[in-house]
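Here the structure is laid out as structure tokens; the discussion comes afterwards.
The values are calculated or read from the model by the stated rules, or taken from the named source; none is laboratory data. None of these values were measured; they are calculated from a predicted model. For neighbour counting, all protein chains shown are included, and Cβ atoms are generated from backbone atoms with ideal geometry for every residue, glycine included.
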């Protein structure tokens, strides 16, 4: 069994196992067995609380013990949780959710939906559930919602509007952007829409999404750093902040992941080239704190740097680690070292507060290392996401220990009898009243995978969207001639009992 995926410069077996032989399951580190089961218990607690108090609604308010439709009534928590339930072997829960999708999920809503949020959570969640289970109800629903989103791309430049009415198809941008589209919101649909075209045989989704990248290529700066606002009519960037945090982040992530999704072939080479250019830009934004030498990523406005980093930017260590193997040996080592340095910083975002949970962002001042800026924690996944990537790609169990520390802090501060809540203040520990859908979709899934063998949802066969929904990488030439629609699901999740597969 191949224990770890590609370390830079290390040649692995050609065809690592896609599932764990039963004899190996009992030999897995018992500490990881126990940790994985604790994470599964957390998922069951979150899920059962949602079922009891907010079934079919978008989000649970655990303290109020009711549900709220904050995404237009699309069952966001349920759809976001499908693949997590499947991976963890929670088949009864998955089947109950599947039946709700088949019987009750309707997108005919007079509601102005975020194109970005609906794509990553709903389209991504449905496609992942389809790829894992083979149940076509998920593909049909993914096509339905994607068709309702498509008019958002009908702009002069092809850069989409970021909001659309699901019933009437009227698209527009948010008032607070002065008519501009947001970089991350416009450049984070490629994985899902390419996957949907592959699975339906209809190229229209892929064409819309890839046209955005062609437009951005025309204005791509030499440092690969785009401002967060793009005019959807002219296709030109507006003077605005450059960041790997909110409103910038996942655009850069998808440049790398579409290259992986496309089997790293010539047809997707330009994605990798754009990503490598942007990583040089990222390196130019890195600085170190005093006295402890924590590496962080600045934001930029015009010619001035802001020494601020969002916890959202903690996806970057995982992204860098995932992309390192595409470089030559020397550059790969540099990129992996940077990934590990940034992960240390992100872990310390958690360790430097009284609750051991990270704030939303941090500021850096000479001699002070880091200070919490916005002090809430809403159960975000980015740091544990990067820890999962780094553990798989380096084999260093320190990243598992760090992830366990973070999980224990969530258990201590965020778990209540009726679900999980965020914190209004990571210093005081004051709780809010929302269980974010991404806690089930991302945070708990990444933690579960951090304590699972790397062949569970293998990087060789799956690429994760920015909501942690694994999408199957379709081989350029299938060895058995099967299409994605009829291929046997290849996920072999753990069953309910520790050490056994379902």
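Of the candidates 317, 232, the single residue that is in contact (Cβ under 8 Å) with a residue 12 or more places away in the chain, over 24 Å from residue 402 (Cβ atoms), in contact with a helix residue (DSSP H, G or I) (Cβ under 9 Å, 6 or more places away or on another chain) and crowded, with 24+ Cβ neighbours inside 10 Å is 232.
Just one of the listed residues (188, 177) is surrounded by fewer than 24 Cβ atoms within 10 Å (Cβ to Cβ) and closer than 20 Å to residue 71 by Cβ, and it is 177. One residue stands out in region 299-319 among those that are farther than 11 Å from residue 241 by Cβ and part of a loop (DSSP other than H, G, I, E, B): the one that is nearest to the chain's Cα centre (by Cα), namely 307.
If you check 375, 292, 306 for being under 20 Å from residue 425 (Cβ atoms), modelled with pLDDT of 95 or more and out of contact with any helix residue (DSSP H, G or I) (no Cβ under 6 Å at 6 or more places or on another chain), only one passes: 375. Of the helices (runs of 4 or more DSSP H) lying entirely inside region 382-469, those containing at least 3 residues that are over 18 Å from the mean Cα position of the chain (by Cα), at pLDDT 95 or above and surrounded by fewer than 21 Cβ atoms within 10 Å (Cβ to Cβ) span 398-413. Just one of the listed residues (180, 154) is out of contact with any helix residue (DSSP H, G or I) (no Cβ under 7 Å at 6 or more places or on another chain) and free of Cβ contacts under 8 Å to residues at least 24 places away in the same chain, namely 154.
Looking at residue 322 and the list (1) in contact (Cβ under 8 Å) with a residue 40 or more places away in the chain; (2) in a helix (DSSP H, G or I); (3) more than 28 Å from residue 360 (Cβ to Cβ), which single condition is not satisfied? Of the numbered conditions (1) in contact (Cβ under 8 Å) with a residue 40 or more places away in the chain; (2) in a helix (DSSP H, G or I); (3) more than 28 Å from residue 360 (Cβ to Cβ), the odd one out for residue 322 is (3).
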